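Working notes, structure below.
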């Protein structure tokens with residue numbers, strides 16, 4: 001009888017241990033998983049924000065480049081009023097220099 005009681009109590013204890021062991025949740029393990037997931041979400045959010053900032057900066061550079069190209073090409077500017085008539089250049093007098101400048105005097109030490 002004692003053997004049966006001992007066996008049944010061991011069987012009961014082992015079943016209780018097995019039940020508590022399988023149903024017991026490890027709070028630290030759940031916390032690590034949730035922290036890891038939230039860290040992954042945060043890193044993904046940071047990556048997306050960083051990517052959006054880079055895309056926005058590149059779009060600004062593209063706008064500035066397009067504006068500069070429009071200026072450099074000069075398609076929208078009418079410069080015909082500032083053109084010089086080649087026939088009028090004959091009327092401009094040639095100004096001759098008064099003195100012939102000799103640069104060798106600049107480098108002489110004996111003067």
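Derivation of every value follows stated rules applied to the coordinates shown; laboratory data play no part. Predicted, not measured: the structure shown is a model, and the values here were computed from it.
So between residue 108 and residue 88, what do we pick up on full extension, going 0.36 nm a residue minus the alpha carbon distance?
Going from the current span to full extension adds 2.8 nm.
I need the shape label for the range 71-111. Rule: rounded when a/c is under 1.5, else prolate if a/b > b/c, else oblate, with a, b, c from the alpha carbon gyration tensor.
oblate
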